[in-house]
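Since the structure comes first, as structure tokens, the remarks are kept for the end.
No lab work stands behind these numbers, since they all come straight from the coordinates. Small disclaimer: the values here were computed from a predicted structure and weren't measured. Here Cβ is always computed from backbone atoms with ideal geometry, including for glycine, and neighbour counts include all displayed protein chains.
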């Protein structure tokens, strides 16, 4: 969704108040949304909050970013990787690549550690940098490979390194 598609910051301030990562109605827009009630609805399928503004549906975290900053980047990243934590302190501007780097351990991971896999009798550490996969090394010891992977994430992903 492009920044231009979002309501203006002034419109958001007309409609909402913000508290603890949530938007609340400042005006009564319909019978189901009285003043002071939590704005939006939860989509259980993708685990996200959506809010309807002027007959259009938006992701709540993007509206909150716009509410505070007056602009919205291509991606709004949740620093702690929790999609339900929409507190402004947990939201930051990110590129698509940066947002992808700040992902938790995937459910199909079999080693139990990000960027570490068992291959040909060794623990191999691979990391993506600028869309290219780099083999950092192959190790006999899993704990050492895990440590090397964490250091590689810190080196290449910087503040978007995610270790969970």
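Residue 50 falls short on exactly one of the conditions (1) assigned to a helix (DSSP H, G or I); (2) over 12 Å from the mean Cα position of the chain (by Cα); (3) over 14 Å from residue 5 (Cα atoms), and that condition is (1).
The residues on offer are 146, 140, and the sole one that is more than 22 Å from the chain's Cα centre (by Cα) and buried (at least 17 other Cβ atoms within 10 Å of the Cβ) is 146.
Scanning the stretch 70-101 for residues that are free of Cβ contacts under 8 Å to residues at least 12 places away in the same chain and over 9 Å from the mean Cα position of the chain (by Cα) gives a single hit, 89. Out of the residues in the stretch 9-46 meeting the condition of being in contact (Cβ under 8 Å) with a residue 60 or more places away in the chain and surrounded by 10 or more Cβ atoms within 10 Å (Cβ to Cβ), tell me which one is farthest from residue 84 (Cα to Cα). Per the criteria, the residue is 9. Of the set (1) within 21 Å of the chain's Cα centre (by Cα); (2) assigned to a strand (DSSP E or B), all apply to residue 155 but (2). Selection of first residues in the stretch 113-129 that are in contact (Cβ under 8 Å) with a residue 12 or more places away in the chain and on the phi > 0 side of the Ramachandran plot and of second residues that are surrounded by 15 or more Cβ atoms within 10 Å (Cβ to Cβ) and in a strand (DSSP E or B), restricted to Cβ pairs under 7 Å at least 6 apart or on distinct chains, gives the following pairs, ordered by first then second residue: 115/125; 115/126; 115/127.
Taking the criterion of being surrounded by 15 or more Cβ atoms within 10 Å (Cβ to Cβ) and over 10 Å from the mean Cα position of the chain (by Cα), the residues of the stretch 102-114 that qualify are 105, 111, 113, 114.
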